[in-house]
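Student: Pasting in a structure now, in structure tokens, and then I'll have a few things to ask.
Here, each number is a calculation from the coordinates, and none is a lab measurement. Being a predicted model, the structure only gives us computed values, none of them experimental. As a convention, Cβ positions derive from the backbone with ideal geometry for all residues, glycine included, and neighbour counts pool all protein chains shown.
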Amino acid sequence: MVLAVALLLVGSVIAFLFIGRANAQPYILALLSALAVIGVFSLFAGAAGIVRLAGRDARATFLDALPATAPDGIVVTDQNGRLVYANPAYLTLVDAVDADDVRPVERVFVGDPLVSEAIYRLAKAAREGRALQEEVRVPGADGASARWLRFRVRPLQEAGPYARWTTWTVGDVTRDRDRQENVFQELQHAIDYLDHAPAGFFSVDQQGQVSYLNATLAGWLDYDLAQVGSGGLKLADIVAGDGAALLAPVSGEPGDVKTEVHDLDLKTRGGRTVPVRLYHKVAFAADGTPGASRTLVLSRAREEVADPLRAAEVRFVRFFHNTPMAIATVDKAGRIARANAPFVRLQHGVIKGEALPAEGRSILTVVADQDRAALEAAIGKAADGQGDIAPVDVALAGDGKRSARFYVSAVEDDEADGEAAIVYTIETTEVRDLEKQVAQVQKMDMVGQLAGGIAHDFNNVLSAIMMATDFLLQAHKPTDPSFGDIMQIKQNANRAASLVRQLLAFSRKQTLRPQVLDLGATVEDLTMLLRRLLGEKVSLETVHGRDLWAVKADVSQLEQVIVNLAVNARDAMAKGGKLTVRTANITEAECKGLPYKPLPPADYVTVEVTDTGSGIAREIIDKIFEPFFTTKETGKGTGLGLSTVYGIVKQTNGYVFVDSVVGEGTTFRIFLPRHVPVAGEITEPAPADRAAEAPADHTGHGTILLVEDEADLRRLNARGLSSRGYTVLEAGNGIEAIEVIESRGGAVDLVVSDVVMPEMDGPTLAKELRTRNPNLKIIFVSGYAEDAFEKNLPDDHGKFHFLPKPFTLKQLVAAVKETMAA
């Protein structure tokens, strides 16, 4: 500004010289007037403070005063590490005489081995343009005490001409460190006092983890303090019985602090109990959530010796909380006055999401709505002083799956503080489940016995029908008008025989031919058949576990199980869906975690058949395995599909369970016991890999004793065998058979005998005949399973063959020829 004014005046003078003296006078007067006005205005503006001019020297003095008066030492170095500025505090810290005696931070402290490592890190950060802080203990010189120095380094500017310059700050923090050390020492003393106090202390969080345990309590309980705070110790580990339920987090108002007193037992690591009194304090945050507890523990073990009354109180409290029965005292309205630990645990297990104390709450809240009136009436009777109140069986609140029995008795003490009744509670959920399972098993066994008896009688009838149709078919040519009718009779007889086999499967009385199987290969062999059965609307997926264990089962019956489940799944997916068949190994450890109670822990191979169909309603899911139970329309199902599955799986020593959600689908899980093959045992190939070989010639010769109590069936069987060249002797029961053999002097090549007969059954006959002729060949025929009567045979019964009823003439003569040739 000054240069501009000077130039303006010089230019004006030169202009006036060119204009001339006479002509320049008006201009000179105008210029002087303007300068005079500006000068007068500036004087008044400066006096009023409107205009203020500061010199550069004043600003520099102000800026220099800032670092000069700072308590910490400040040093500025350029990009080459040369010292540019150091404030007086830095000179004092490094004992410099004047500015010429000042050295950079690296040179002052680099010779000290305790400090040099930190200085190196700081110098490296300075070169890289980073900020860094270090605190270092610096030994004092000439016997002086050590100091704690805090070093900071940062760039002087983020960007600009001084971006590579560095600002070092050095502060003496010895007093701060001494103060921290004193606080730490005081805290250590407080912890030491707390650890060795004559009382125990512990703290537990909302998850039940013990976050603090003092040394006194750890000594009482024989625990290592290293386990505490690392998730290794839980509240249930140190509180005996159900006492932990009393200390469960309770709800409170924001900012509340609640303290409860509990007399219960703690338990040592070795399982020994210690009677204590707990002062349990919990503070609540602003949102109402409980914080970690502060619990004082007083041992009451000494009181049992010092004071008999105290000892009696301690024993009662221990009995009250450690009894397996849930106990509570209530007033006339059912409000709880006192409750023991098992009752609190029962309440917390029933009323989810509400951690409220039992005291002051109605006992009816733990009971389902439909059963509250019965318990309320029992409490009313007790309040009126009535005795011998009948126990009340109720469903507990919640999902309705749990149940309990309540015993209510009156309180006869007149000074009972409003207590009207004592309620004893025993949870009966497991007992009820077991009763249901036993009832279901008994019902299925009874139905099975009935079905087996019916099937046996039908087998005799069907055997006669099938044998008669075989004779008729032999006597009629296909061109005969009656040939078609005979074939229709045979087909219906075969269909009836199939239904009887399903009944026998359910009653577990059919004959099985178990063999060692690879379940994955068996399921895979069925894939093509299953796809044809399911049709185009239902997709099939098979998922096989790796390295499946072997199982021992009848392959044809196991295939029948999978086919029946697949057909049921197809019918449940009328609009299409997906069927998934999974196989997997289940170890004994995994089995223990499964929700199926009747399943004993062991190694199993599982088959899961899952569909995306309509599901099974809850009210009928317990009936689906009963024979002739079906939800299909008339004529579209026999009701024997799932009953057959149940019987085959049970007869194979397996288990079958069903899980279903209406509208989502159903899963059947079959558990077959793992079979460990013995030396020399070879897994049989699947039936699809075996070529069926039928004997070409069924004729033969020899003497056969036919023993059958059904006269019509015996006559037909004898006729069939005679037509194939055999000499047939007939007997109606075992006694007649012995008489026939004795009359012929034992000259019989083969005995074909029924199993169930009057006077003497088949196994008894076999025993008698083998005493006369140990090498006599025997074929048993029966509508029951082979193993149903084999257990009645003596250990030395010898070898025999078995032919299940009903059978055709071809099957009978084939079995006879095979046995005769053996």
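Student: Report the Stokes-Einstein translational diffusion coefficient (µm² s⁻¹, integer) for the range 179-220, Rh taken as the Kirkwood radius over Cα pairs, at 20 °C with viscosity 1.002 mPa s.
Tutor: Working: Rh = 11.4 Å.
Result for D is 188 µm²/s.
Student: Working out 0.36 nm times the residue gap between residue 393 and residue 485, then minus their Cα-Cα distance, what length gain in nm do you get to one decimal?
Tutor: The span from residue 393 to residue 485 would gain 26.8 nm if fully extended.
Student: What ³J(HN,Hα) values, in whole Hz, does the Karplus curve 6.51 cos²θ - 1.76 cosθ + 1.60 give for the range 647-661 when θ = phi - 60°, with x put for Gly and Pro?
Tutor: Working through the residues one at a time gives x, 5, 5, 5, 5, 8, 6, x, 9, 10, 9, 10, 10, 8, 10 Hz.
Student: Let me ask another. Near the amide H of residue 173, under 5 Å away, which other amide H atoms are found, from residues 5 or more places off or on another chain, if H is placed in the peptide plane?
Tutor: Counting only residues 5 or more places away or on other chains, the set is 148, 149, 150.
Student: Between residue 550 and residues 5 or more places away or on another chain, which pairs have amide H atoms under 5 Å apart, with H built 1.01 Å from N, and which residues are they?
Tutor: 675
Student: Work out how much length residue 183 to residue 195 would gain on full extension: take 0.36 nm times their residue separation and subtract the Cα-Cα distance, in nm to one decimal.
Tutor: Values: separation 12, 0.36 × 12 = 4.32 nm, distance 1.81 nm.
Between residue 183 and residue 195, full extension yields 2.5 nm more.
Student: Report, in listed order, any pair from 436/623; 650/805; 401/578; 436/650; 490/810 with a Cα-Cα distance greater than 23 Å.
Tutor: Details: 436/623 13 Å; 650/805 21 Å; 401/578 31 Å; 436/650 18 Å; 490/810 13 Å.
Going by Cα-Cα distance, 401/578 fall outside the 23 Å limit.
Student: Once amide H atoms are placed 1.01 Å from N in the peptide plane, what residues at a sequence separation of 5 or more from residue 729, or on another chain, have their amide H within under 5 Å of its amide H?
Tutor: For residue 729, the qualifying residues are 704, 705, 706.
Student: Here's something else I'd like to know. Applying the Karplus parametrisation 6.51 cos²θ - 1.76 cosθ + 1.60 with θ = phi - 60° to the phi angles of the range 744-752, what ³J(HN,Hα) value in whole Hz is obtained for each residue in order, glycine and proline being reported as x?
Tutor: Couplings: 9, x, x, 7, 10, 8, 8, 10, 10 Hz.
Student: What is the calculated FRET efficiency for residue 48 to residue 70, with r their C-beta to C-beta distance and R₀ = 41 Å, to the nearest 0.05?
Tutor: Numbers: r = 37 Å, r/R0 = 0.89.
The formula returns an efficiency of 0.65 here.
Student: Whole-Hz ³J(HN,Hα) for each residue in the range 262-270, computed from phi via Karplus 6.51 cos²θ - 1.76 cosθ + 1.60 with θ = phi - 60°, x for glycine and proline: what do you get?
Tutor: 10, 9, 8, 10, 8, 10, 7, 4, x
Student: In addition: Please give, to one decimal in nm, the separation of the simple spin-label points placed at residue 283 and residue 699, each 7 Å out from Cα toward the Cβ.
Tutor: Placing both labels 7 Å along Cα→Cβ, they lie 10.8 nm apart.
Student: Students often check this: by mean Cβ neighbours within 10 Å, which of 238-244, 540-546, 314-320, 271-277 ranks highest, and how do the rest follow?
Tutor: Working: 238-244: 22.7, 540-546: 13.1, 314-320: 15.1, 271-277: 16.7.
Descending packing order for the listed peptides: 238-244, 271-277, 314-320, 540-546.
Student: Now for a different question. Can you pull the one-decimal nm distance between simple spin-label points at residue 146 and residue 494, each 7 Å off the Cα toward Cβ?
Tutor: 10.2 nm
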